[in-house]
Structure formats: C-alpha cells, structure tokens
1. With the Cα gyration tensor of segment 68-149 giving a ≥ b ≥ c as the square roots of its eigenvalues, does the rule (a/c under 1.5 for rounded; else a/b larger than b/c for prolate; else oblate) give rounded, prolate or oblate?
2. Among 16, 112, 87, determine the one that fluctuates most according to a GNM of the chain built with springs between C-alpha atoms less than 10 Å apart.
3. How much accessible area per residue does the chain have, in Å², with a 1.4 Å probe?
4. Calculate, in nm to one decimal, what residue 27 and residue 112 gain on full extension: separation in residues at 0.36 nm each, minus their alpha carbon distance.
5. In percent, how large is the relative contact order of the chain, given Cα pairs closer than 8 Å and 6 or more residues apart?
6. Considering the options 15, 36, 69, tell which one lies farthest towards the positive end of the dipole of segment 1-90, charges being +1 on Lys and Arg and -1 on Asp and Glu at the Cβ, about the Cα centre.
7. For segment 1-96, what does the alpha-carbon gyration tensor say about shape, rounded, prolate or oblate, given a ≥ b ≥ c as the root eigenvalues, a/c under 1.5 as rounded, and a/b over b/c as prolate?
8. In terms of Cα to Cα distance under 27 Å, which lysines are near enough to residue 17, apart from those fewer than 8 places away along the same chain?
Amino acid sequence: MSKAKGFLGEFREFAVKGNMIDLAVGVIIGAAFGKIIDSLVKDVIMPIISFIFGGKVDFTNLFWVLSQPANYAGPHTYADLTKAGAVVLAWGNFLTILINFFLLAFVVFCLVKAANTARTKIMKEEAAAPAPTPADIVLLQEIRDLLKK
C-alpha cells in the first residue's frame, strides 16, 4: 500500500509543478488558436483564392473517386460519395489542411519573432540603465570615504 501512496504522491507532485500547468494552458490556448486559424483559412483565405481563380476553386471538394459503389446514381459530391461507401481520395481537403499548417507556422513564427524582439529590447534597456544605488548603500559608502580621510 505504501508503494501506491508513494506513486500517487509522486504523480501529484509532478502534476502540480508549474511546468505541467504551463503546458496544459499552452495546449488549451493552442487548440483555440488552431480553431481561429481553421476559420481564417476556410472563411477568409479560401474564398479569396476561389475568387482569384474565377470562383471555381473549392479545395475541400476536390477529390478523386477510386472506387464507386455499384449502381450509384446519386450526386458526385464528397459527402454523398463517402456516405454511399465510395473510396475517395480527398486531396483537396489535404491541400486545405496543408495551407492551414503553413499559415499556423507563419503566425507562430511572427509571434516568436515579436517576443524575441521585445525581449532583446527589454534586456538592452535593463543593461543600459543600471539600477540606482539604494540610499543605505550610498550612506555606507559616504561613511567609508570619510573614515578613509
């Protein structure tokens, strides 16, 4: 029983550490950020790309039918074909997710670059302006100098 308590206590100590909580917060924010990027790609960028290419491009509906069910006469849309049991290679959806990934990577790169620039600026300011000497230290230095005379 003591081994189980030791294991649970060790796990509790691990789970409560600051790094673990920071990681959990990062994952939650990352998931929400991923939804924002998904919406950016789906609702903003893809319509612009579709407009540029004459309104005919919808990457999510670009696919190849590898195997169609026998006697299928329904519409040839991705949703209907997969519902009917067709084997469909959805390369357009993959392209959308790939664009999504590159946009997310670019946004994260910009955020990290901005954070590093701000951190460098703060470090330079801290190095350029040393902290003022506390009053008690100044007083002790004056006493030392007077004793030397």
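The values are calculated or read from the model by the stated rules, or taken from the named source; none is laboratory data. Model, not experiment: these values are computed from the prediction. Cβ atoms come from the backbone with ideal geometry, glycine included; neighbour counts cover every protein chain shown. Accessible surface areas use protein heavy atoms only, side chains included; no ligands, DNA or RNA. Shrake-Rupley method; radii C 1.70, N 1.55, O 1.52, S 1.80 Å.
1. Cα axes put segment 68-149 in the prolate bin.
2. 16
3. Dividing the accessible area of the chain by its residue count gives 82 Å².
4. Stretched out fully, the residue 27 to residue 112 stretch lengthens by 29.0 nm.
5. Result for the chain is 17 percent.
6. Going by the Cα projections, it comes out as 15.
7. Oblate.
8. 3, 5
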